[in-house]
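Q: Here you go, one structure.
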Amino acid sequence: MTAPSRIRNFSIIAHIDHGKSTLADRLLERTGAISERDMREQVLDDMDLERERGITIKANAVRIDYTAVSGDTYQLNLIDTPGHVDFSYEVSRSLEACEGAVLVVDASQGVEAQTLANAYMAIEEGLEIIPVVNKIDLPAADPDRAAEELAGVLGGTPDEVIRVSAKTGAGIDELLEAIIDRLPPPEGDEDAPLRALVFDSFYDTYRGVVSHVRIVDGSIATRDAIRFMATNLDVDADELGIRRPSTEVVERLGTGEVGYLITGVKQIDLIRVGDTVTHTRRETGEALPGYQEPKPMVFSGLFPTDGDDFERLREALDKLRLNDSSLVFQAETSRALGFGFRVGFLGLLHMEIVRERLEREYDLELVATAPSVAYRANLTTGEQVPVRSPQDLPDAAGLASIEEPYVKVMIITPSEFIGTVMELVQQRRGEMGEMTYLSPERAELHYRMPLAEIVFDFFDQLKTGTRGYASLDYEPDDYRVSDLVRVNILLNGLPVDAFSTIVHRDKAYTYGKAMVGRLRELIPRQLFDVPIQAAIGTRIISRETIKARRKDVTAKCYGGDITRKRKLLERQKEGKRRMKMVGQVEVPQEAFVAALKLET
Amino acid sequence: MSPEPESGIPDTQYSVLSTQYGDESPDSPVLAEAARSWRSAYVHIPFCARRCPYCDFAVVAADEAGGMDTRRYVDALVAEIDMEPDPSELHAVNLGGGTPTRLRPVDLARIIDSLDHRFGIADDAEISIEANPEDWTPAFARDLRRIGFDRVSFGIQSFDPAVLEALGRTHSPREAEQAIEAARSADFSNVNIDLIYGTPGETDESWRRSVDRAIELDPEHLSSYALTVEGGTALSRAVLAGAPAPDPDQQADRYEHVDEAARSAGLVRYEVSNWARPGHICRYNLSTWMMGEFSAFGTGTHDHRGGVRARNIRRLDAYLDRVEMGARPRSGSECLDEFDSERERFMVGLRLAAGVRPGSIGGPFVASDEGRRLVDAGVIGARGGRVVVLKPLLTDLVARSVLSVSPADC
Ligand SMILES: Nc1nc2c(ncn2[C@@H]2O[C@H](COP(=O)(O)OP(=O)(O)OP(=O)(O)O)[C@@H](O)[C@H]2O)c(=O)[nH]1
Ligand code: SF4
Ligand SMILES: [Mg+2]
């Protein structure tokens, strides 16, 4: 156990790709936490998906020991956080476990939308912030401008900004000293009853639920009788430990320290992220405030390709929720796809990641339906019902109006692209708010826009329109009445709920036509002609036909060929595995995926 | 478990195990089941004048490295035939290639003699050879007849000079006709014409003319194949580079045309791509489709003996070396377990117009989801206790569905 005065807890926060994980590498390296032999780039990005995509998805806490210039040794608990807007909940949870934040800005990019969003989050939490300009080694770096912008955002002076290169290691020593000097030690009461915040968790097949905790008051030792307050779960602390980043078992975690806790509990729903752990025999009077649950932005149906996997999918979702507490889901039935779940996500990247994690970590094969934001239907009876899936939309007869969610949008762009951005936003039904200049060359634009207009392909278009320079952040605002309709897609005469969508009336035709066209390309020819139609109510707005398959046979087969022929058929069959029967029609997974990516 | 309750297809037992071919209709189930017990031999002659752009067989072209030491190859064949460990009388012999007619009659005679010497060839056996029209002179035809050949299969492919050129074939339509006349005058009583449809550049009209001319020549047997783009061929390289690929719908039209024309000329379709007059099916082919046992000699061949499929080395030089060292030129083999071989029998049998005996697979298959969909769509049906593919152009689709049946279902 380390005295709180010798502990510093901080998160590294930044816009995506500004170098948080690489900076963490240098900190680990400089403090000897990791040997040169074990070092690899972004070593804390330990999930396969993180390495494949080169981005951080999960916040990752690790302890390092640092001997300062003064000769004193400090315990640093650093949390590397993700930068993508879809994972900002990871950032907010991490900040809760810290007293300080290292706010990183790429010297060649300057302040961007998530720089601001994350900075504001840290300020709101009352955290001490160390501004850092990274990548000063880049030829295109403009550290002065970046420092100036950062100082402007934080209300300080540019000379407080530390300049580093996470690539070359320049400035890292100065940063480590600043962490000791500028960040406050944890403030908790060592003698008070135990209060530990569960800020993350995951499920281990052998050990059950593993919780990541930050000790706020008091201390915890192995074999202590403890209580998870929200669920009133009384258990023993079987094992305590820390990550360096390899795990190390410890006997005790003291005030201000960060570590993991294993209780052997395997019932997933009994341990919740945000809960407070206390001692059974000396209970705290006041639980920690915990976390506000994030509001899902988009919903999509997840269905097992093989209907028998429904229960396995439920179990997988339960387990994954331990590690991704932003996940919400409820069972749903689709006429086309059978039993599955309507799952809420924080954005499309989140959705993609969840689906991939379910498939990889739980060995499932899934079909995801077209994502949708959460609408609300006002009925003629005066009642209001949530519409999380196009199927939830009541019949036109009983429907008074439909409301859609709006978001507050912040876009940072070089001034030269302001016109382009405005035009784009206007096409998306955006309403201009205020505009401020971060510097003469860069502006911060604020809008209110329908969530449905930005959540799908807006970001790509924004990037294209500004040659990659603009960045985007958004947060929920209010609901507003809009002229929305449901476009149904009929396959072989049957409506396929997985493909239907709610869109603004002005875009219904374009959407219907594009969807029908895509499906015609993606669905292979069947044994019979398959009409594909898009319809609003009973009115068909677009139609195509997939002609029946006529020829599927090898012309020539002779005795010697039989083995080869069988193997060929087996290979072809393998390729067909990811098909889902929708009525009488075999639909490949790609068709469902394409529906998600449709550009209108 | 008996499949009958689910499928409604009784598993008829065939008692005909004779070698008499009679005048049965080519699509007769009785004939097909009889073919299971025929023993045959295939001999591969890998030499060709040049390689056709669509061909992926084990062949050596005269202009390719490795040369054409046909004499040495025939010696090796004879040696390989003599190594056959367990010979029994043959009911069908087939010389294929490549281009067997590039060998001299004396070499062809040596091959037939050695087969007869080692195995014994039944008096009424079918002895068949594949021929390119340009090699086929009246004298050559008479020589072959004397050696014992009674069936000839001509790789005519088309009667449209433009299509022939696109296929890289060197004979003319006229030469094709002359070859058939020569076969007739030499008293070949079983003549097959091979046609290929769907060649880029071929039109509906030119296909119709090719079919008409083929039928006017009154062959006992007709094979008509869709041009297929096989990986690694000049054709596939051209297609990858953007040349037009055969269009499956157009090929379906052409297939339907030839099927109708053949039928009205009295030829009966007995396999996806093969038509014959009664009494003139290709025994060798029918028996291999029925999982009959056969031996095979030469480069790249596969045989089927006692539930084992073995294959020969494909490369000519390696094949020759091995045989000349006194060893059998095997490059591998596959032993099928009971379920696999039953499934193979069923899948290949689907190609036959006679249909296939359901055995232990047919019932579960027809009762499966995929099977039922195929029944509903009119792709498969039951006829005389057999499972029959009613839309032969979808045979592979049916075969793939059969792969879904697992041993646990049977
Ligand atoms: N030249 C240079 N490149 C850097 C530096 N720091 C990071 N990079 C590169 O910038 C890219 C992004 O780095 P990461 O460390 O993954 O960024 P991140 O902020 O953790 O990204 P997310 O976790 O996805 O938000 C990688 O290609 C790094 O190699 C630096 O100081 N100099
Ligand atoms: S003649 Fe026949 S075997 Fe020879 S290359 Fe042409 S198609 Fe192939
Ligand atoms: Mg990162």
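Values in this text are rule-based calculations from the coordinates and carry no lab data. None of the values given here were measured: they were computed from a predicted structure. Because the Cβ atoms are built from the backbone with ideal geometry, glycine has one as well, and the counts that use them run over all protein chains shown.
Q: What pairs from A:Lys20/A:Lys266; A:Lys295/A:Lys319; A:Lys507/A:Lys551; A:Lys556/B:Lys391; A:Lys135/A:Lys463; A:Lys58/A:Lys167 go past 27 Å between their alpha carbons?
A: Check vs 27 Å cut-off fails for A:Lys20/A:Lys266; A:Lys507/A:Lys551.
Q: Given chain B reduced to its alpha-carbon atoms as identical point scatterers, what log10 I(q)/I(0) does the Debye formula return at q = 0.11 Å⁻¹?
A: The calculated log intensity ratios at q = 0.11 Å⁻¹ are -0.87.
Q: Taking the Cα centre of the stretch B:36-289 as the origin and placing charges on Cβ (Lys, Arg +1; Asp, Glu -1), which of B:Ala166, B:Gly155, B:Leu90 is farthest toward the positive end of the dipole?
A: B:Leu90
Q: Could you rank the peptides A:205-214, A:433-442 by their average count of other C-beta atoms within 10 Å per residue, with the highest value first?
A: A:205-214, A:433-442
Q: Counting only other chains, and only Cβ atoms inside 10 Å, what mean value do you get across the residues of B:191-200?
A: Across B:191-200, the average partner-chain Cβ count within 10 Å equals 1.
Q: Within 10 Å, count the other beta carbons around each residue, average over each peptide in B:292-303, A:307-318, B:217-228, and list them highest first.
A: B:292-303, B:217-228, A:307-318
Q: Classify the stretch A:195-279: rounded, prolate or oblate, from the alpha-carbon gyration tensor (a ≥ b ≥ c, eigenvalue square roots; a/c under 1.5 rounded; otherwise prolate if a/b is larger than b/c)?
A: Rounded.
Q: How many nm separate the modelled label positions at A:Thr380 and B:Ala327, each set 7 Å beyond the Cα in the direction of the Cβ?
A: A separation of 8.8 nm, rounded to one decimal place.
Q: Calculate for chain B the 222 nm mean residue ellipticity that helices alone would give, adding -39,500 (n - 2.57) per DSSP H run of length 4 or more and normalising by residue count, nearest 500 deg cm²/dmol.
A: Calculated from helices alone, the mean residue ellipticity at 222 nm is -11000 deg cm²/dmol.
Q: Please average, across the residues of B:265-274, the number of beta carbons from any other chain that are within 10 Å of each residue's own beta carbon, and give a whole number.
A: For peptide B:265-274, the averaged partner shielding equals 1.
Q: Roughly how compact is the stretch B:213-254, stated as its Cα Rg over 2.2 N^0.38 Å to two decimals?
A: 1.55
Q: With a/c under 1.5 counting as rounded, go ahead and sort the stretch B:213-302 into rounded, prolate or oblate using the C-alpha gyration tensor (a ≥ b ≥ c being the square roots of the eigenvalues; past the cut-off, prolate if a/b is larger than b/c, else oblate).
A: Taking the square roots of the gyration eigenvalues as a ≥ b ≥ c, the stretch B:213-302 is oblate.
Q: In the stretch A:485-596, with Lys and Arg counted as +1 and Asp and Glu as -1 at Cβ, which of these residues, A:Pro531, A:Met579, A:Gly517, has the Cα nearest the positive end of the dipole, that is, farthest along it?
A: With unit charges placed on the Cβ atoms, the residue in question is A:Met579.
Q: How large is the charge dipole for the stretch A:292-411, taken about the Cα centre, if only the Cβ atoms of Lys, Arg (+1) and Asp, Glu (-1) carry charge, to the nearest 20 debye?
A: 400
Q: Label the protein assembly as shown by shape, choosing from rounded, prolate and oblate, from the square roots a ≥ b ≥ c of the eigenvalues of the Cα gyration tensor; if a/c is under 1.5 it is rounded, and otherwise prolate applies when a/b is larger than b/c, oblate when it is not.
A: Since a/c reaches 1.5 and a/b is larger than b/c, the shape of the protein assembly as shown is classed as prolate.
Q: Right, next: Once Lys and Arg get +1 and Asp and Glu get -1 on their Cβ, which of A:Gly344, A:Leu569, A:Leu364 lies farthest toward the positive end of the dipole of the protein assembly as shown?
A: In the protein assembly as shown, that residue is A:Leu569.
Q: Here is a follow-up. Place a +1 charge on the Cβ of each Lys and Arg in chain A and a -1 charge on the Cβ of each Asp and Glu, then give the dipole magnitude about the Cα centre in debye, rounded to the nearest 20.
A: For this selection, approximately 3680 debye.
Q: Could you check how many percent of all C-alpha pairs in the stretch A:386-487 are farther apart than 22 Å?
A: Value for the stretch A:386-487: 36 percent of Cα pairs lie more than 22 Å apart.
Q: Taking each residue in A:564-571, count the Cβ atoms of any other chain within 10 Å of its Cβ, then average. What number comes out?
A: 4
Q: Let me ask something additional. Under a point spin-label approximation (7 Å from Cα along Cα-to-Cβ), what is the A:Glu570-A:Glu434 distance to one decimal in nm?
A: About 6.9 nm separates the two model spin labels.
Q: With charges only on Cβ, +1 for K and R and -1 for D and E, what is the dipole size of the stretch B:345-409 about its Cα centre, in debye, rounded to 20?
A: 280
Q: Between A:Gln461 and A:Arg539, what is the spin-label point distance in nm, taking each point 7 Å from the Cα along the Cα→C-beta axis?
A: About 2.3 nm separates the two model spin labels.
Q: How long, wide and thick is the stretch A:299-370, going by the Cα atoms along their three principal axes, in whole angstroms, largest first?
A: Principal extents (largest minus smallest coordinate, Cα): 28, 22, 17 Å.
Q: So for B:Ile193, B:Ile111, fewest C-beta neighbours within 10 Å to most, what's the order?
A: So the residues, fewest neighbours to most, are B:Ile111, B:Ile193.
Q: Another question, if that's okay. Choose one answer from B:Val323, B:Val239, B:Val191: the residue with the largest mean-square fluctuation in a GNM of chain B with alpha-carbon springs under 10 Å.
A: Judging by the Gaussian network model, the answer is B:Val239.
Q: What's log10 of I(q)/I(0) for chain A at q = 0.06, 0.07, 0.10, 0.13 Å⁻¹, Debye sum over Cα points only, no solvent?
A: Debye output, listed in q order: -0.37, -0.50, -0.97, -1.37.
Q: Ignoring everything except DSSP H segments at least 4 long, calculate the 222 nm mean residue ellipticity for chain A; use -39,500 (n - 2.57) per segment, divide by total residues, nearest 500.
A: -7500 deg cm²/dmol
Q: Further question on the same structure: Percent relative contact order of the stretch B:345-409, based on C-alpha pairs within less than 8 angstrom and at least six residues apart?
A: Relative contact order for the stretch B:345-409 comes out at 37 percent.
Q: Taking springs between alpha-carbon atoms closer than 10 angstrom, which of B:Ala162, B:Ala141, B:Ala41 fluctuates most in the Gaussian network model of chain B?
A: Sorting by GNM fluctuation, first place goes to B:Ala162.
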